[in-house]
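**Q** Next up is a structure, given as C-alpha cells.
The values are calculated or read from the model by the stated rules, or taken from the named source; none is laboratory data. Since this is a predicted model, take the numbers as computed values, not measurements. Glycine gets a Cβ as well: all are built from the backbone with ideal geometry, and neighbour counts include every protein chain shown.
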Amino acid sequence: MVLKIAEVLGTTTKFMLEGVGRRNTFRGLVFASATFLIRSIALGMMLPLILRDVVAALSSSPTDTRLLNHGLLSLGIVALAVSASEWLLKPFWQYMARGIVEIKRSIVSREAIAGGDSKDVIGRVVSDVDFIIWNNSTSLTVILPSFLTMLASLAAMVQLSTFLGLISLSLVPPLFAATEYYVRRAEQARNVERSFYSQSIHFADRLLNGGREELHGFQYSLDRWLSGISRLIHYDRVFWFTGLLSGTSLPFMILWAGLNELNNGRLDVGSLAGSLYASINYSLALVNGFWGLCMLGQSLAAIRRVEALSRARIGVT
C-alpha cells in the first residue's frame, strides 16, 4: 500500500514545478532553504550548547567570566543571524506570487470551453489556484524550518548525551501515524469544502445581481461548505491531540532519564540543562514539521480540481 504522505509529496512537487516553473521553484527553494538552515543551526544546535556553557560558567566557583562573556556574545550573534535571515524569504514569496499569476493566465488563455459544473469553474480559477500556491508555500515554510530544527536539536542532544538523543526518536512513530491518518481523510473533506466554496461564489454573484431564485442554492452551498470544513476541524483536533500529547511527554522523559544519568555520574548539570532545552525544541519542531505535511495534504484535492479544469480546457479526458 502506497503511503498517502508519499502521494502528497509527489503530486504537490509536480504541480509546483509545472505551475510555478522549475526555475522559479528552485530559486525560491534556495532562498527558503538558506533562511531556515541558518535558523535551525542557530536555534536548534547552537543555543543548547551556549546554554550548557552559560550554566557551566555560573556553576563554577568563582564564576568563569570568560566563558560567561563568550556565551553572552554568542547569544547576540545568534539573535542577529536569525533576525537578518528574514529578508531571504522576500524573493521566495515573490516567486510564489508570480506562480499564481502564471497558472491563472495559462488556464484562461486556452481556447476550449471548460467542462464540468459551470458553477464551480470560477472558484477553481479564482480561489483554488491561490489556495494551492499559498498553502504549499506556507507548508514549506513550516516543514523546512521544523525538520531542520529537529535535526539540529537531535544532533545537539546526541552530542550532549547519546542515550537521551535515542529516547527522543520515540516521538516519530505516533506522529507519523497521525499524519498518515490526517492526509488520507483530509483530501475528501477539502474537496467538499473547495467545491461548495466555489459554488457559493457563483450563487452569491447571481443573488447580488437580482437573481432571488438563487437563494436556495446559495444557502445549500454554504451548508455543504460548513460540512466539509467541520470535518477538517475534527481531523485537525485529532492530529494536535496526538502531537501535543507526544510532544509534551518528551521533556518529562528526558528529565527523568537525565536525572538518573546525573545521579550515576554519566551526565553533568550543564549537559542535562542543554538536553532538556534541546528536547523542547526537538519535540515542538517535530510536531510542527508533521503538521506542515498535514497542511500540504490539504492541497491535494484542490490540485486535482485545477488539473481537471486544465485538462478540460485543452480537451484532454
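**Q** State the number of residues belonging to region 9-35 that are outside any helix (DSSP H, G or I) and among the β-branched types (Val, Ile, Thr).
**A** Adding up the residues that qualify gives 1.
**Q** Next question, about the same structure. Is at least one residue of region 49-61 in contact (Cβ under 8 Å) with a residue 60 or more places away in the chain and closer than 26 Å to residue 300 by Cα?
**A** Within region 49-61, none of the residues are in contact (Cβ under 8 Å) with a residue 60 or more places away in the chain and closer than 26 Å to residue 300 by Cα.
**Q** Right, another one. For region 19-60, give me each residue that is surrounded by 18 or more Cβ atoms within 10 Å (Cβ to Cβ) and among the small types (Gly, Ala, Ser).
**A** If the condition is that a residue be surrounded by 18 or more Cβ atoms within 10 Å (Cβ to Cβ) and among the small types (Gly, Ala, Ser), then 19, 28, 32, 40, 42, 44, 56, 57 are the ones that fit.
**Q** Out of region 61-103, which residues are surrounded by 15 or more Cβ atoms within 10 Å (Cβ to Cβ) and not in a helix (DSSP H, G or I)?
**A** 64
**Q** Here is a follow-up. Residues being crowded, with 17+ Cβ neighbours inside 10 Å and either not charged (D, E, K, R) or not in a helix (DSSP H, G or I) (or both): count how many of those fall in region 164-190.
**A** Qualifying residue count, region 164-190: 12.
**Q** Which is touching a helix residue (DSSP H, G or I) at 6+ places or on another chain (Cβ under 6 Å), of a type outside the set (Phe, Trp, Tyr) and in contact (Cβ under 8 Å) with a residue 40 or more places away in the chain, of 258, 228?
**A** Just one listed residue meets the conditions, 258.
**Q** Name the one entry in 214, 180 that is at pLDDT below 85 and among the charged types (D, E, K, R).
**A** After ruling out the rest, the residue left standing is 214.
**Q** In region 276-303, which residues are over 11 Å from residue 250 (Cβ atoms) and hydroxyl-bearing (Ser, Thr, Tyr)?
**A** Residues satisfying the conditions are 277, 299.
**Q** Is it the case, given these coordinates, that residue 207 is in contact with a helix residue (DSSP H, G or I) (Cβ under 9 Å, 6 or more places away or on another chain), at negative phi and free of Cβ contacts under 8 Å to residues at least 12 places away in the same chain?
**A** Yes.
**Q** Another question about this same structure. From the list 67, 17, which residue is within 30 Å of residue 303 (Cα to Cα), touching a helix residue (DSSP H, G or I) at 6+ places or on another chain (Cβ under 9 Å) and without any contact (Cβ under 8 Å) to a residue 24 or more places away in the chain?
**A** Exactly one residue qualifies, and that residue is 17.
**Q** Given the condition hydroxyl-bearing (Ser, Thr, Tyr), closer than 27 Å to residue 131 by Cα, touching a Leu at 6+ places or on another chain (Cβ under 9 Å) and part of a helix (DSSP H, G or I), answer yes or no: does some residue in region 261-275 qualify? Before you say what the answer is, go through the steps one by one.
**A** To start, the set of residues in region 261-275 that are hydroxyl-bearing (Ser, Thr, Tyr) comprises 271, 275.
If we keep only those that are closer than 27 Å to residue 131 by Cα as well, we get none.
Looking for residues that are hydroxyl-bearing (Ser, Thr, Tyr), closer than 27 Å to residue 131 by Cα, touching a Leu at 6+ places or on another chain (Cβ under 9 Å) and part of a helix (DSSP H, G or I), one finds none in region 261-275, hence no.
**Q** Something else about it: Working carefully through the options 249, 283, 271, find the one that is of a type in the set (Ser, Thr, Tyr), closer than 15 Å to residue 168 by Cβ and surrounded by fewer than 22 Cβ atoms within 10 Å (Cβ to Cβ).
**A** Working: 283 fails: surrounded by fewer than 22 Cβ atoms within 10 Å (Cβ to Cβ); 271 fails: surrounded by fewer than 22 Cβ atoms within 10 Å (Cβ to Cβ).
The unique qualifying residue is 249.
**Q** Considering only residues that are more than 21 Å from residue 305 (Cα to Cα), exposed (fewer than 15 other Cβ atoms within 10 Å of the Cβ) and not acidic (Asp, Glu), which ones fall in region 205-235?
**A** Of everything in region 205-235, those that are more than 21 Å from residue 305 (Cα to Cα), exposed (fewer than 15 other Cβ atoms within 10 Å of the Cβ) and not acidic (Asp, Glu) turn out to be 208, 209, 210, 211, 212, 215, 216, 219, 233, 234.
**Q** Going through 158, 192 one at a time, which residue ends up being under 24 Å from residue 297 (Cβ atoms) and either in contact with a Phe, Trp or Tyr (Cβ under 7 Å, 6 or more places away or on another chain) or of a type outside the set (Ser, Thr, Tyr) (or both)?
**A** Going through 158, 192 in turn, just one is under 24 Å from residue 297 (Cβ atoms) and either in contact with a Phe, Trp or Tyr (Cβ under 7 Å, 6 or more places away or on another chain) or of a type outside the set (Ser, Thr, Tyr) (or both): 192.
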